[in-house]
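Presented below is the structure to which this report refers.
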Amino acid sequence: MKRAILSVSDKSGLLDLGRGLVARGFELVSTGGTARTLADAGLPVVNVSEITGFPEMMDGRVKTLHPRIHGGILARRDHPDDLTAAERHGIGLIDLVVVNLYPFVETAARPGIGFDDLVEQIDIGGPSLVRAAAKNFRDVLIVVSPADYPAVLAALDADGGPTPEFRFELARRAFAHTGRYDTAIASTLAETTVRDAQFMRDSGQAPLAPDHLAIDGRKLRDLRYGENPHQPAAWYALDPEAGLGAPDVLQGKELSFTNLLDLDAAARIVVEFDEPAAVVIKHTNPCGAATGATIAEAYVRAREADALAAFGGIIGLNRAVDVDTARAIVSTFIEAVIAPAVDEAARPILAGKPNLRVVVAAFEAFARPDGPTPLRREIRSVLGALLVQERDQVTEARIPWPGEGLRVVTARQPTPAEWQALRFAWRVMAHVKSNTVIFSDAVRTLAIGAGQMSRVDAVKVAVAKASAWGDGVASVLKGSVAASDAFFPFRDGLDAVAAAGATAVVQPGGSVKDAEVIAAADAHGLAMVFTGRRHFRH
């Protein structure tokens, strides 16, 4: 008789699988709660202790770690010496192993879980069974996911039984399963410190850059292609699942690689704001960003900040899409929108544009400067290596300005209205590609100079953008404020900002020419604020 061993923490589909195996002539061997579940359903089950001759012991820590179990799994059917050894020692062969592991990740996510309780959720016997069966995949089927149960039963029914390809695919999934499990344990234990012989866990605060960085990505889907049609691409989720790692795609054409980059850029900006905020993105840079009394008002302001560039753009919102916002979105051509929710009444309106990609994702967790390390860690690839940094957040603008750490370096202080506008501009500017200088009022961007090789060029690009508005630059930028992602190395950039019509400037400061730039600002009657914090973005 064929033999299957079943030991699962996730009981989903277990009884249907058990019945299917019994009907196909398998003897069921099991442990603990799994054995009780099978027996309570009337299925014949042999307890592991009847096979090993030893009871479960040490609070269940030792159950399956025995030669009569592992020998039955690891014996190679085409090696006579293995079969002879098994027969000599009374080891029955095991043909199918169904195991999923103690819920370590779920336990670790529970608030207040103690260190000792967490350690008890580190499965020992389960991974050993999985790895043994996966190693001997030519002779033993290994199943680690309830989602695979129907396919396993179907493969058993096929002419000739499970194919080598099917067996190997199950083995690959099994090793990936144990690999993710070990990664989760290592990452969680990295959050633990020892103080006075006490093990203290600081949940979510693992080292940002550990000596060994394990990345466990779960593929969400293959993408049509990458940035260009000749580049293969895929989309992966990381733990803990949040933001674009846990999306709900409500409608639209298939998301592309560049769509996802732009959706990310959009979310990074709007998450900086507590008030209703919207942004329109093109090629990861904002065409316009705005706030409003309502999310609809914010969106229309952001779109009209550069209506030409906004055509075919990507929208980011930090409020649910309501009816008014949905109507505004579908009134022009938009590629995609990301928001924390979509009201039921708004969905039919958006559905009127069937190609419009609508993505719902919760990204407020990324606004927390003290959030879990994985949500603060940013990883980028370079040729042959990875770079890790803490994700840039504009924490100095979390509260209304003026605030701690800001220095007014000019003779003139900003007015209350200028302070409000400077804070708005600073939060947007931080997420624009360097070099950048942007102009804004208190509720919307007016002109954005992004990704230039010099700061003067960034001002020129912004001014050129503003010239397309109404009566030209003078009417648009007069009385505006400007924000620069890094210091002005010479006064020429500051002179260009003043010539454009700005009355106040915010920048990090720190140039050897700061005194020259401050003198220029005073000569122009500008108020200038140093934040002491640079926001390059490459």
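Could you say whether any residue in the stretch 94-107 is touching a strand residue (DSSP E or B) at 6+ places or on another chain (Cβ under 7 Å), buried (at least 19 other Cβ atoms within 10 Å of the Cβ), outside any strand (DSSP E or B) and not charged (D, E, K, R)? So far as the stretch 94-107 goes, yes, one or more of its residues are touching a strand residue (DSSP E or B) at 6+ places or on another chain (Cβ under 7 Å), buried (at least 19 other Cβ atoms within 10 Å of the Cβ), outside any strand (DSSP E or B) and not charged (D, E, K, R). Might you check whether a residue that is under 23 Å from residue 137 (Cα atoms), part of a strand (DSSP E or B) and not hydrophobic (A, V, I, L, M, F, W, C) occurs anywhere in the stretch 25-45? Scanning the stretch 25-45 turns up at least one residue that is under 23 Å from residue 137 (Cα atoms), part of a strand (DSSP E or B) and not hydrophobic (A, V, I, L, M, F, W, C). Count of the stretch 1-58 residues, restricted to those that are over 36 Å from the mean Cα position of the chain (by Cα), among the hydroxyl-bearing types (Ser, Thr, Tyr) and crowded, with 17+ Cβ neighbours inside 10 Å, is 4. Selection of first residues in the stretch 69-84 that are in the same structural domain as residue 129 (by TED's automatic domain parsing) and under 26 Å from residue 47 (Cβ atoms) and of second residues that are in a helix (DSSP H, G or I) and not hydrophobic (A, V, I, L, M, F, W, C), restricted to Cβ pairs under 6 Å at least 6 apart or on distinct chains, gives the following pairs, ordered by first then second residue: 75/82.
Table: residues versus (1) modelled with pLDDT of 95 or more; (2) closer than 19 Å to residue 102 by Cβ; (3) touching a strand residue (DSSP E or B) at 6+ places or on another chain (Cβ under 6 Å).
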residue: 2; (1), (2), (3): no, no, yes
residue: 8; (1), (2), (3): no, yes, yes
residue: 11; (1), (2), (3): no, yes, no
residue: 31; (1), (2), (3): no, yes, yes
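Applying the criterion of being assigned to a loop (DSSP other than H, G, I, E, B) and of a type in the set (Gly, Ala, Ser) to the residues of the stretch 353-406, the residue that is farthest from residue 186 (Cα to Cα) is 403. Checking the stated criteria, residue 254 turns out not to satisfy the condition of being farther than 16 Å from residue 357 by Cα, surrounded by fewer than 17 Cβ atoms within 10 Å (Cβ to Cβ) and either in contact with a helix residue (DSSP H, G or I) (Cβ under 6 Å, 6 or more places away or on another chain) or in contact (Cβ under 8 Å) with a residue 12 or more places away in the chain (or both). Answer yes if at least one residue in the stretch 277-294 is at pLDDT 95 or above, assigned to a helix (DSSP H, G or I), on the phi < 0 side of the Ramachandran plot and not assigned by TED's automatic domain parsing to the domain that holds residue 183, and no otherwise. No, the stretch 277-294 has no match at all. Filtered by the rule that a residue be touching a residue at least 40 places away in the same chain (Cβ under 8 Å), in contact with a helix residue (DSSP H, G or I) (Cβ under 8 Å, 6 or more places away or on another chain) and surrounded by fewer than 24 Cβ atoms within 10 Å (Cβ to Cβ), the stretch 431-443 gives 435, 441, 443.
The values are calculated or read from the model by the stated rules, or taken from the named source; none is laboratory data. Since this is a predicted model, take the numbers as computed values, not measurements. Here the Cβ is made from the backbone with ideal geometry for all residues, glycine too, and neighbour counts use every protein chain on show.
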